[in-house]
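To keep things clear, I will list the structure first and then write my remarks on it.
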Amino acid sequence: MLTNLTVEEALEQIDAHVSPLPEQTLTIAQARGRVLAEDVISPIDQPPFDRSPLDGYALMAADTAGASRETPVRLQVTGTVCAGGCPAGPLASGQAVRVMTGGMLPAGADCVIRQEATDRGTETVEIYESLRDGANYVRAGEDFRTGDVLLSAGTRLDAAAFAVLSSAGIDPETERVLVSPLPRVAVLCTGDELVYPSVHPLPPGKIYDSNRTFLTHRLRELGIQAEPGCEHFMDDPALVAGSIRRAMEWADAVITTGGVSVGIKDIMHEVLPLLGAEQIFTRTKVKPGTPAIFAVAQGKPILALSGNPFAAAATFELFGRPMLAKLSGDPRLDVHRATAVLRGSFSKTSPGRRYIRGCYADGIVTLPAGHSSGQLRSMVGCNCLVDIPAGSGPLSDGQPVQVVLL
Ligand code: AMP
Ligand code: MG
């Protein structure tokens, strides 16, 4: 097992030991938020017919030559087409068809005049403007044509993508597409001291769990299917190993918290061998969360994080997200960085690499009060981790820093 890796070396190991999950075929509705793994081709032209973009009259541009308010051209109105209707027949020279926005244009027409530039006549119409061929004329297929790549592989299925598919007559409820996989993650928290927040009064020596709540909801925020991997919190190696084994029947990855350090109840060092897991690394040169362990069992990654709530949260972002990005092939899940200017200061020196919570907006990062890895409350409202390089002195106002965006 490797030890004392830098964050970057640890990430290389994660990348080397995690294999992408197979792509999945799902209905489009089920695949919302996923990334397409194939191109989707349009079966139709959109719009399907030549149509009017405004309320007016379809006509021939040549008939409007020289028209103005002073010298209007008078045309015979041969019909009306509203959106959803069809013209009765083709248009001849000297004729106009009243047409509403979205209405199909008659054959023979080559432009549309807005009704404000006419007398809005019903039998005949006076035209007050001269138009060029093609004015206000939307051609079939203006948006896309039959056989066009509507959405290419790599596109995320968001609301706009759904709308495009729908506009091509591809029903999200029934049509299926090949998409990136979405890992299912089991979250297991160890610790004899932990109880559910439903337990009242709090027994002496116990604390309420927050990691299990944090990680399941953080994963779900990222669009991942996350479920608790055990009923009870415990520090019994055999029971924890049994829970992980059962969770691995449905989960693609397991994230645990607690029990990775050097105390007598730091059971993960016993649990992983019980699972026959290959332990890839432990102890990275990072604070908080130094003792995190990365292992693989039955081809599935297990990330065992420190139990301190901020340590678990920070190392989930640093190591868990790249693990999920590799499993899913979805780069959105990976770590995203930005450069920022620090507002405020941080008085500790950082002999080793350190991440602290911060709030990033418009290139500025502000720091909350309270940076201990057991402190949780100051995480509320934070949206980044400030990445402090090893060997840094105190951070001062105005200093440029790197941040990891949450
Ligand atoms: P451990 O990593 O098991 O040594 O735990 C480190 C610290 O984090 C201890 O103070 C634990 O009580 C606390 N802790 C561990 N797991 C949790 C959890 N799920 N929720 C809140 N605090 C935790
Ligand atoms: Mg513990």
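The values are calculated or read from the model by the stated rules, or taken from the named source; none is laboratory data. What you are looking at is a predicted structure, and each value in this text was computed from that prediction instead of being measured. Backbone-built Cβ (ideal geometry, glycine too); neighbour counts: all protein chains shown. Please note that ligands, DNA and RNA were not included when accessible areas were found on the heavy atoms of the full protein model with its side chains. Shrake-Rupley method; radii C 1.70, N 1.55, O 1.52, S 1.80 Å.
Going by the structure shown, is residue 38 out of contact with any Gly (no Cβ under 8 Å at 6 or more places or on another chain), over 26 Å from residue 151 (Cβ atoms) and surrounded by fewer than 18 Cβ atoms within 10 Å (Cβ to Cβ)?
The answer is no for residue 38.
Are any residues in the range 178-192 away from ligand 2 (no atom under 16 Å from the Cβ) and out of contact with any Pro (no Cβ under 8 Å at 6 or more places or on another chain), and if so, which ones?
Selection gives 178, 179, 180, 182, 183, 184, 185.
Residue 232 passes all but one of (1) more than 16 Å from ligand 2 (Cβ to nearest atom); (2) over 20 Å from residue 316 (Cα atoms); which number fails?
Result: residue 232 passes all but (1).
List pairs: first residue in the range 149-175 and at pLDDT below 95, second residue open to solvent by 60 Å² or more (accessible area, probe 1.4 Å) anywhere in the structure, Cβ distance under 7 angstrom, at least six positions apart or on different chains.
Close Cβ pairs (under 7 Å, with a partner that is open to solvent by 60 Å² or more (accessible area, probe 1.4 Å)) amount to 172/166.
Sort out which residues of the range 42-70 are of a type in the set (Val, Ile, Thr) and closer than 15 Å to residue 109 by Cα, and write them in order of number.
64
If only one of 53, 47, 43 is more than 30 Å from residue 23 (Cβ to Cβ) and open to solvent by 50 Å² or more (accessible area, probe 1.4 Å), which one is it?
Going through 53, 47, 43 in turn, the sole match is 53.
Quick check on my filter: what residues within the range 358-394 are within 19 Å of residue 291 (Cα to Cα), at pLDDT 95 or above and surrounded by 12 or more Cβ atoms within 10 Å (Cβ to Cβ)?
Selection gives 385, 387, 388, 390.
Could you tell me whether the range 93-111 includes any residue that is within 30 Å of residue 286 (Cα to Cα), open to solvent by 70 Å² or more (accessible area, probe 1.4 Å) and not acidic (Asp, Glu)?
no
Report yes if some residue within the range 247-257 is within 13 Å of ligand 2 (Cβ to nearest atom) and closer than 27 Å to residue 380 by Cα; otherwise report no.
Yes; the residues of the range 247-257 include at least one that is within 13 Å of ligand 2 (Cβ to nearest atom) and closer than 27 Å to residue 380 by Cα.
Over 30 Å from residue 182 (Cβ atoms), open to solvent by 40 Å² or more (accessible area, probe 1.4 Å) and of a type in the set (A, V, I, L, M) - does that describe any residue in the range 11-27?
No - not one qualifying residue is present in the range 11-27.
Which one of these is near ligand 1 (Cβ under 10 Å from one of its atoms), open to solvent by less than 20 Å² (accessible area, probe 1.4 Å) and touching a Leu at 6+ places or on another chain (Cβ under 9 Å): 190, 257?
Testing whether each residue is near ligand 1 (Cβ under 10 Å from one of its atoms), open to solvent by less than 20 Å² (accessible area, probe 1.4 Å) and touching a Leu at 6+ places or on another chain (Cβ under 9 Å) leaves just 257.
Name every residue in the range 173-187 that is of a type outside the set (D, E, K, R) and either more than 10 Å from ligand 1 (Cβ to nearest atom) or exposed (fewer than 11 other Cβ atoms within 10 Å of the Cβ) (or both), in order of residue number.
Within the range 173-187, 174, 177, 178, 179, 180, 181, 182, 183, 185, 186 qualify.
Being touching a Pro at 6+ places or on another chain (Cβ under 9 Å), under 15 Å from residue 3 (Cβ atoms) and more than 10 Å from ligand 1 (Cβ to nearest atom) is the filter here; which residues of the range 283-329 pass it?
283, 284, 294, 295
Say we look at the range 193-213 and pick out the residues that are in a strand (DSSP E or B) and either more than 12 Å from ligand 2 (Cβ to nearest atom) or open to solvent by less than 20 Å² (accessible area, probe 1.4 Å) (or both); which of these is nearest to residue 270 (Cα to Cα)?
The residue in question is 195.
Which condition from (1) part of a helix (DSSP H, G or I); (2) within 31 Å of the chain's Cα centre (by Cα); (3) without any contact (Cβ under 8 Å) to a residue 60 or more places away in the chain; (4) more than 30 Å from residue 362 (Cβ to Cβ) is the one that residue 304 breaks?
(1)
From the list 35, 112, 40, 7, exactly one residue is assigned by TED's automatic domain parsing to the domain that holds residue 253 and either closer than 23 Å to residue 326 by Cα or in contact (Cβ under 8 Å) with a residue 60 or more places away in the chain (or both). Which is it?
7
For the range 279-301, what are the residues that are touching a residue at least 60 places away in the same chain (Cβ under 8 Å), part of a strand (DSSP E or B) and open to solvent by 20 Å² or more (accessible area, probe 1.4 Å)?
279, 283, 287, 296, listed by residue number.
Which ones in the range 263-278 are surrounded by fewer than 17 Cβ atoms within 10 Å (Cβ to Cβ) and more than 9 Å from ligand 1 (Cβ to nearest atom)?
Listed by number, the residues that qualify are 264, 270, 273, 274, 276, 278.
What are the residue pairs meeting all of these: first residue in the range 214-231, first residue open to solvent by less than 20 Å² (accessible area, probe 1.4 Å), second residue basic (Lys, Arg) and in a helix (DSSP H, G or I), Cβ atoms under 6 Å, and 6 or more apart or on different chains?
226/220
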